[in-house]
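Every number in this text was worked out from the coordinates using simple rules, so none of it is lab data. From a predicted model like this one, the values you see are computed outputs, not experimental measurements. A quick note on method: Cβ atoms are made from the backbone with ideal geometry, for glycine too, and the neighbour counts reach across all protein chains shown.
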């Protein structure tokens, strides 16, 4: 069963030369974590905001939980929960205030709201700080308050727009655990993130968008096959020469090293040359990060797939 059905969805902003979403059609099945990846400005947040009834599309149709968001936005809002990218806690309110009052607003009784508030605050390691005003919390703890508010209600569909931004590694894992628990209750999550390890760990299905268009989609295993190589070798830019470049597909990572995608047989030649030249290098299997860089980071790459923008 599909919880979101989008058909030829387009969104254009006044003054912009290009649409934020360009004729996108996709279907999101229930009881999964559907993850959307893309660079800043790719269209991820615009799609989430349309699904959550915060924005109207310029053209196309979209149904969320079986309801047309243009005709019946109220029916959608009663069944969803969300963390907007621009969301911030209210400075004077405590984590307890935020979660408990939000549950009461959503219709929970006082007893149930107290019980659920305790559970989610403990899960996200916020309980000891439950009575601290948000203005006195760290940036990461403020972000976890928003996560707690989104996860606490009994919604059918959860929108998480970069939920772990600014969190330390321990806090990220606490949020991941809470997200998995929420999904295990037969509910659906639409997640956007810039963290590739997060997407690899959580996602059941992944869509990569660029400039408002879908350029790739599939499970993690399916996406790995997009990169037609077996290994990734990272070499410092200052040590890269033509003899190494010729042995694989080189992609500029934007950092102080480049990635060389290579077959195993060619990788052995790269090892030998690098060792002879006393060059440091690292070798790893293909990851989602490699798929993303291969598709989005290399504008001259002609091997993009699914440019038809429909899944």
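In nm, what is the difference between 0.36 nm times the number of residues separating residue 180 and residue 7 and their Cα-Cα distance? Write down the numbers at each step before the final one.
On the way: separation 173, 0.36 × 173 = 62.28 nm, distance 2.88 nm.
Gain on stretching residue 180 to residue 7: 59.4 nm.
Which distance in nm do the two modelled labels at residue 59 and residue 79 give, with both placed 7 Å along the Cα-to-Cβ direction?
According to this spin-label approximation, the distance is 2.9 nm.
For segment 154-220, just say rounded, prolate or oblate: build the C-alpha gyration tensor, square-root its eigenvalues into a ≥ b ≥ c, call rounded for a/c under 1.5, and beyond that prolate if a/b exceeds b/c, oblate if not. If you can, show how the numbers build up before the last one.
Details: a/c = 1.83, a/b = 1.27, b/c = 1.44.
Verdict is oblate for segment 154-220.
What is the antiparallel percent of DSSP beta bridges lying wholly in segment 2-223, to the nearest 5?
Numbers: 18 of 35 bridges.
Just about 50 percent of them are antiparallel.
Taking only DSSP H segments of four or more residues, each worth -39500 (n - 2.57), what value at 222 nm results for the chain once the sum is divided by all its residues, to the nearest 500 deg cm²/dmol? Intermediate values should be presented prior to the final figure.
On the way: 11 runs with 100 residues, N = 311.
Using -39500 (n - 2.57) per qualifying helix, the result is -9000 deg cm²/dmol.
Taking semi-axes √(5λ) of the Cα gyration tensor in Å as the quantity of interest, determine which of (i) 39, 25, 16; (ii) 32, 26, 18; (iii) 26, 24, 19 was computed from the displayed structure.
Identified label for the calculated read-out: (i).
When 229, 100, 13 are ordered from fewest to most other Cβ atoms inside 10 Å of their Cβ, what list results? Could the numbers behind the result be given before it?
Values: 229 18, 100 22, 13 12.
The order, fewest Cβ neighbours first, is 13, 229, 100.
For a test of the definition: using alpha carbon positions, the gyration tensor, and the 1.5 limit on a/c, classify segment 110-161 as rounded, prolate or oblate. Please list the in-between numbers first.
Numbers: a/c = 2.34, a/b = 1.23, b/c = 1.89.
Note, shape of segment 110-161 comes out oblate.
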